[in-house]
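Scroll down for the structure; my scribbles are underneath it.
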Amino acid sequence: MTPRENFKKIVNHEEGDHVPIDLGSHVASIHQNTYRKLKAYLNDPDMKNEDKILDRMVQNVVPDEKLLQRYNIDFRWIFPHWVGVTDVSEEEYQDMWGIRWQYMQDAYMVNSSPLTHATIEDIERHPWPDPENPKLIEGLAERAKYLYKNTDYVLVGDAIKGGILTKALQIRGYEQMFADLVDDIPLAEALMDKLLEVYKGFYSAFLRAVGPYIDMIYFTDDIGGQNAMMISPTTFRTLVKPRIAELIDHIKSEADVKFLYHTCGTVAPVVDDIIDMGVDILNPIQTSAMGMDTDYLKEMYGDRICFHGGIDVQQMMPFSTPEEVRFDVAKRIHQLGRGGGYILATCHNMGSDIPPINVETMFKAAKELGRYPLDLDSVLSEADKKLPTEEELEARRHRKKVERRGRQKVLKGS
């Protein structure tokens with residue numbers, strides 16, 4: 001069964017040949033520092049792309065084709081180009097929205113937002129990016145057509161940076177936009193409506209180029225935090241949900257694609273709403289966030305939505321032994337993969353604190369353990385006996401923090 005054939009069964013909640021494995025989107029790739037360490041660990045001088053940045057903000061890379069084949073990745077991603085980026089200084093840049101980003105440690109953070117002091121009238125006067133800019137999609141139709149005709153991979157259109165709420169927070173400023181959602185709802189709605197209009201234009205142009213060839217479209221718009229949603233479920237339902245639903249309807253009217261929705265953090269209170277919006281696949285299932293229990297999610301929603309992700313990069317991948325990584329992969333496949341409906345991937349980018357051996361272990365385990373029909377009982381029962389206690393995990397995290405502080409002091413001294 002080809003990856004494309006297998007994908008169609010999996011997203012229709014059927015068991016195919018194997019649990020699909022993914023790597024390579026702008027929020028599920030590898031940080032360039034980890035990529036260099038992985039390349040050295042694999043001792044493969046032919047593995048390229050350590051300097052080919054996929055997302056400047058998080059400093060991850062476009063994984064080399066050789067690595068994708070090594071890890072049996074079923075997907076190939078079609079990326080819109082970065083346009084309208086201006087370097088302000090060595091450690092600061094401005095993007096096409098007018099947002100300035102400052103380098104901090106190993107990634108970029110919002111430094112200034114152009115509409116912090118804007119009125120409703122100022123929103124329309126802002127120099128919005130041109131969704132029809134041909135540079136955004138230059139060469140993408142040719143690449144998508146080639147991959148469609150010459151490979152059997154599942155083709156995915158990667159997200160146009162940000163989303164309706166996320167971009168509103170960045171362009172207005174987090175503090176001000178959160179305040180607007182309570183105290184100035186007309187301005188918040190005007191800003192989100194403008195963003196909806198711009199995103200519709202972006203996706204129309206993007207899908208004219210790649211729509212005939214791709215199987216899935218990716219959209220990112222964080223609404224969840226570590227221990228609670230960033231906004232209340234009521235605010236989400238009344239202000240954000242209708243606009244994302246309208247965008248999903250627009251995208252699906254432009255191309256026959258599955259819709260993959262990315263939101264970090266806990267979204268347990270609104271999974272029903274996410275399904276109502278027309279989402280086919282939910283990513284990243286951040287298991288370290290409150291309420292994102294994979295067994296519960298599968299039991300409650302597994303017949304109505306598919307899951308993508310589930311492999312934690314906050315705690316599990318950085319602080320676990322290879323044996324524990326293997327167990328976690330088995331656990332997620334067992335809980336989310338039964339009856340189809342699961343695509344295995346990391347919950348976010350693999351950061352600088354993840355050992356290369358754990359990256360290698362994760363993908364090897366995914367290939368070995370993800371064959372249908374699933375047979376994981378022995379792996380799970382054996383690993384259960386070897387799992388560390390919470391005290392042991394906390395000690396590992398503490399050692400890692402001490403080591404990191406030590407490295408930072410050395411770097412500052414040099």
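A few points about this structure:
- Flag for residue 285 being without any contact (Cβ under 8 Å) to a residue 40 or more places away in the chain and within 18 Å of the chain's Cα centre (by Cα): no
- Pick from the range 1-22, criterion of a type in the set (Val, Ile, Thr) and surrounded by 15 or more Cβ atoms within 10 Å (Cβ to Cβ), ranking: nearest to residue 158 (Cα to Cα): 21
- For the range 145-165, the tally of residues that are assigned to a helix (DSSP H, G or I), in contact with a Lys or Arg (Cβ under 6 Å, 6 or more places away or on another chain) and over 25 Å from residue 130 (Cβ atoms) stands at 1.
- Inter-residue pairs, beta-carbon under 8 Å, first within 19 Å of residue 310 (Cβ to Cβ) and in the range 1-21, second assigned to a helix (DSSP H, G or I) and among the small types (Gly, Ala, Ser), 6+ apart: 19/366; 21/366
- Any hit, the range 60-79, residues being in contact with an Asp or Glu (Cβ under 6 Å, 6 or more places away or on another chain), among the polar types (S, T, N, Q) and not in a loop (DSSP other than H, G, I, E, B): no
- Beta carbons closer than 7 Å, at least 6 apart along the sequence or on distinct chains, pair a first residue in the range 145-159 that is at pLDDT 95 or above with a second that is acidic (Asp, Glu) and part of a loop (DSSP other than H, G, I, E, B) for 153/74; 154/74; 154/215; 155/215; 156/215.
- Evaluated against (1) on the phi > 0 side of the Ramachandran plot; (2) of a type outside the set (Ser, Thr, Tyr); (3) within 17 Å of the chain's Cα centre (by Cα), residue 262 falls short on exactly one condition, (1).
- Where a residue in the range 74-98 is under 12 Å from residue 57 (Cβ atoms) and in contact (Cβ under 8 Å) with a residue 24 or more places away in the chain and its partner, wherever it lies, is of a type in the set (Gly, Ala, Ser) and in a loop (DSSP other than H, G, I, E, B), with Cβ under 7 Å and at least six apart: 95/84
- Of the residues contained in the range 45-58, none is found to be part of a helix (DSSP H, G or I) and under 20 Å from the mean Cα position of the chain (by Cα).
- Residue 217 being closer than 28 Å to residue 292 by Cβ, assigned to a loop (DSSP other than H, G, I, E, B) and aliphatic (A, V, I, L, M): no
- Answer residue from the range 292-327, given it is small (Gly, Ala, Ser) and within 27 Å of residue 31 (Cβ to Cβ) and is nearest to the chain's Cα centre (by Cα) among those: 309
- Residues being of a type in the set (D, E, K, R) and in contact with a helix residue (DSSP H, G or I) (Cβ under 9 Å, 6 or more places away or on another chain) - total across the range 53-89: 4
- Boolean, residue 342 is at pLDDT 80 or above and closer than 20 Å to residue 265 by Cα: yes
Yes/no per residue for (1) in a helix (DSSP H, G or I); (2) modelled with pLDDT under 95; (3) closer than 24 Å to residue 289 by Cβ:
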residue: 352; (1), (2), (3): no, yes, yes
residue: 366; (1), (2), (3): yes, no, yes
residue: 379; (1), (2), (3): yes, yes, no
residue: 387; (1), (2), (3): no, yes, yes
residue: 392; (1), (2), (3): yes, yes, yes
residue: 398; (1), (2), (3): yes, yes, yes
residue: 405; (1), (2), (3): yes, yes, no
residue: 409; (1), (2), (3): yes, yes, no
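- Of the residues in the range 225-241, at least one is surrounded by 21 or more Cβ atoms within 10 Å (Cβ to Cβ), within 22 Å of the chain's Cα centre (by Cα), among the aromatic types (Phe, Trp, Tyr) and at pLDDT 95 or above.
- Of the residues in the range 194-202, not one is in contact with a strand residue (DSSP E or B) (Cβ under 8 Å, 6 or more places away or on another chain) and among the aromatic types (Phe, Trp, Tyr).
The values are calculated or read from the model by the stated rules, or taken from the named source; none is laboratory data. Note that the structure is predicted; figures quoted are calculated from it, not measured. In this analysis, Cβ positions are derived from the backbone assuming ideal geometry, glycine residues included, and neighbour counts consider all displayed protein chains.
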